[in-house]
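Visitor: One structure is given below, represented as structure tokens, and several questions about it will come after.
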């Protein structure tokens, strides 16, 4: 029992470290903590203590997860979570060195993101009934998502004070509380202005919420609520592709690159810490380049 209490104590310290030192998002903190908790439960079943374990125990744990069907990407994240845990323990002075310091993460197979083409985007954006306050809100929501490529959590928690329609920019608080400035574009600005002046005050009895997009209760929309909304509009638009808010984010990035935007600019707008994360879109736009080559090159 003493060992179990001790392991819970160090996991709590890891959680505090992720929040205070790493300043990660709530979802990332929850995922990392869950990974380490699962690893700790495995170690307990082996009759061992988490601070006394090394590479053999970690690799054995990951091997078991792989046998259970866990994807390579998830295994890589688990290894990263456990490595981060041991980094924390080193910084806390509880162990001398990180046993995973020289263990490389498995390389995930990059699945190309689903994207909507321009015609599908146009159909999707045209579905909300803008003669109603809710329809006008939803049109502004969709237009802003496509114009900025925001993560859904960033979109639904966006505050009115962080939107500057005159300058055509918004200030986003992204992963790790890192702020970035993202241009809105003329069309999205038009729909946002209409929503704010013509619709917002009719959606809720109390519209004093600091959030830009409100529901009938005056609160911000949930991620799940927006996902359901998007699915409904996608069906109405006749879109049969597997669709999520991230699909529109992927479409935003892909269409920018196809239009000639440089990768670094797209990285900044998406809020990616590492440009390697943005580079997956070069695989998507490569298809468009190949079509252009085939069409215009004399030996294409």
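Visitor: For residue 284, work out the one condition from (1) closer than 25 Å to residue 182 by Cβ; (2) modelled with pLDDT under 90; (3) loosely packed, with under 12 Cβ neighbours inside 10 Å it doesn't fulfil.
Guide: (3)
Visitor: Within the range 74-82, identify whether any single residue is assigned to a helix (DSSP H, G or I), surrounded by fewer than 21 Cβ atoms within 10 Å (Cβ to Cβ) and assigned by TED's automatic domain parsing to the domain that holds residue 253, and answer yes or no.
Guide: No, every residue in the range 74-82 fails to be assigned to a helix (DSSP H, G or I), surrounded by fewer than 21 Cβ atoms within 10 Å (Cβ to Cβ) and assigned by TED's automatic domain parsing to the domain that holds residue 253.
Visitor: Related question: Out of the residues in the range 115-137 that are touching a residue at least 24 places away in the same chain (Cβ under 8 Å), part of a helix (DSSP H, G or I) and under 23 Å from the mean Cα position of the chain (by Cα), which is farthest from residue 240 (Cα to Cα)?
Guide: 137
Visitor: Within the range 173-184, how many residues are within 28 Å of residue 119 (Cβ to Cβ) and either touching a residue at least 60 places away in the same chain (Cβ under 8 Å) or surrounded by fewer than 15 Cβ atoms within 10 Å (Cβ to Cβ) (or both)? Quick ask: steps written out before the conclusion?
Guide: Looking only at the range 173-184, we keep the residues that are within 28 Å of residue 119 (Cβ to Cβ), and these are 182-184.
Adding the requirement that they be either touching a residue at least 60 places away in the same chain (Cβ under 8 Å) or surrounded by fewer than 15 Cβ atoms within 10 Å (Cβ to Cβ) (or both) leaves 182-183.
Adding up the residues that qualify gives 2.
Visitor: Next question, about the same structure. Just give me the residues in the range 166-179 being at positive phi and part of a helix (DSSP H, G or I), in sequence order.
Guide: Step one: list which residues in the range 166-179 are at positive phi, which gives 168, 176-177.
Hits for the range 166-179 are 176, 177.
Visitor: Of all residues in the range 242-277, which are in contact with a strand residue (DSSP E or B) (Cβ under 7 Å, 6 or more places away or on another chain) and modelled with pLDDT of 75 or more? Don't jump to the end; show me each part of the working.
Guide: From the range 242-277, those in contact with a strand residue (DSSP E or B) (Cβ under 7 Å, 6 or more places away or on another chain) are 268-269, 271; that's our starting set.
Listed by number, the list holds a single entry, 269.
Visitor: Output the residues belonging to the range 179-205 that are in contact with a strand residue (DSSP E or B) (Cβ under 9 Å, 6 or more places away or on another chain) and more than 15 Å from residue 140 (Cβ to Cβ).
Guide: Matches in the range 179-205: 179, 180, 181, 182, 183, 204.
Visitor: Being assigned to a helix (DSSP H, G or I), under 30 Å from residue 172 (Cα atoms) and within 28 Å of the chain's Cα centre (by Cα) is true for just one of 32, 86. Which residue is that?
Guide: Numbers: 86 fails: under 30 Å from residue 172 (Cα atoms).
Going through 32, 86 in turn, the sole match is 32.
Visitor: Yes or no: residue 109 under 26 Å from the mean Cα position of the chain (by Cα) and modelled with pLDDT under 80? Can you show your working first?
Guide: Working: under 26 Å from the mean Cα position of the chain (by Cα): yes; modelled with pLDDT under 80: yes.
Yes: the conditions hold for residue 109.
The values are calculated or read from the model by the stated rules, or taken from the named source; none is laboratory data. Bear in mind the structure is a predicted one, so any value in this text is a computation, not a measurement. All Cβ positions, glycine included, derive from the backbone under ideal geometry; neighbour counts span all protein chains shown.
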